[in-house]
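The values are calculated or read from the model by the stated rules, or taken from the named source; none is laboratory data. Bear in mind the structure is a predicted one, so any value in this text is a computation, not a measurement. Glycine also receives a Cβ, built like all others from the backbone with ideal geometry; neighbour counts cover every protein chain displayed. When the accessible area is computed, the model is the full protein with side chains, heavy atoms only, and any ligands, DNA or RNA have been set aside. Shrake-Rupley method; radii C 1.70, N 1.55, O 1.52, S 1.80 Å.
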Amino acid sequence: MIPPVAPRELLIATIARLLDGVRHVAVGASSPIPAAGAMLLRAMKEMAGAEPVRISILGSVKHNFFTNGAAELFDCAGQGRIDAFFLGGGQIDGHGNINLVGAGPYPQSQVRWPGSFGSAYLYYVVPRVILFREEHTRRVFVDRVDFVSAPGVSDAGVYRTGGPYALLTGRALFSFDKARRGFRLESVHPGHSLPEILEETGFGFEHEAHPGSTALPSAAILDVLRGRVLDELHETYPEFAKQLRDEIAAAV
């Protein structure tokens, strides 16, 4: 029997599944849930005696092998030595475009966000980019972003090894079809429904009439997540680790 699962535990376990098969995953600063998913995959691979997974978490002392910040991250990505990365955005549209600059017509944006940084470059060169945004509302998932910080697709003839692989939200999991240039709903998280997803998503997407439910993590995976992974998270994200422990306690 699978014990009760906290919503963020479901997200972490889903990220670990999406990362399966990678050799090196990089995680940007302030990304505790993606980092936890990468740590969970690494722990499970080690326990299975499989090929090890390397994790580089910007801002971490223990889980960051770079000595020159993001410059080395970009070099590794350009050399094809990073297999997966995570991107989010204040806005994400149905073509996988992300907006990290601000809401409203640029440059008179009414709301400003931190900025694009290296998102466009990494989106082009990292093969498995997972878009992650816990909030799932029409405020985030829009028909067309107000500013393209990083394009999800490129014109024919543009050399591009990277791009969107999946979109994970607090309500559902989508895959990205590069040929069709759009998302497909793969599963709905427990407690949510297709009508709810349709109502809260500002762009169109493919879906089954009755999409499946996102798979819950097994008891064995939860044991690793609630033990080793939470301990590792505490080094880089102590406040988040405490919050997650509280959420797990409330769920069980």
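Right, residue 131: in contact with a helix residue (DSSP H, G or I) (Cβ under 6 Å, 6 or more places away or on another chain) and either open to solvent by less than 30 Å² (accessible area, probe 1.4 Å) or touching a residue at least 60 places away in the same chain (Cβ under 8 Å) (or both) or not? Considered against the rule, which asks whether it is in contact with a helix residue (DSSP H, G or I) (Cβ under 6 Å, 6 or more places away or on another chain) and either open to solvent by less than 30 Å² (accessible area, probe 1.4 Å) or touching a residue at least 60 places away in the same chain (Cβ under 8 Å) (or both), residue 131 comes out as no. Among the numbered conditions (1) open to solvent by 20 Å² or more (accessible area, probe 1.4 Å); (2) touching a strand residue (DSSP E or B) at 6+ places or on another chain (Cβ under 9 Å), the only one that residue 169 does not meet is (1).
So that you can scan it fast, the table gives a plain yes or no per residue for (1) among the hydroxyl-bearing types (Ser, Thr, Tyr); (2) under 29 Å from residue 82 (Cβ atoms); (3) buried (at least 21 other Cβ atoms within 10 Å of the Cβ); (4) free of Cβ contacts under 8 Å to residues at least 60 places away in the same chain:
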residue: 159; (1), (2), (3), (4): yes, yes, no, yes
residue: 194; (1), (2), (3), (4): no, no, no, yes
residue: 212; (1), (2), (3), (4): no, no, no, yes
residue: 215; (1), (2), (3), (4): no, yes, no, no
residue: 218; (1), (2), (3), (4): yes, yes, no, no
residue: 235; (1), (2), (3), (4): no, yes, no, no
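Of the residues making up the stretch 201-243, those that are within 23 Å of residue 37 (Cβ to Cβ) and either among the charged types (D, E, K, R) or in contact with a His (Cβ under 7 Å, 6 or more places away or on another chain) (or both) are 214, 223, 226, 228, 231, 232, 235, 236, 239, 241, 242.
Taken over the stretch 237-252, the criterion of being open to solvent by 30 Å² or more (accessible area, probe 1.4 Å), in contact (Cβ under 8 Å) with a residue 40 or more places away in the chain and either assigned to a loop (DSSP other than H, G, I, E, B) or not charged (D, E, K, R) (or both) is satisfied by 250, 251, 252.
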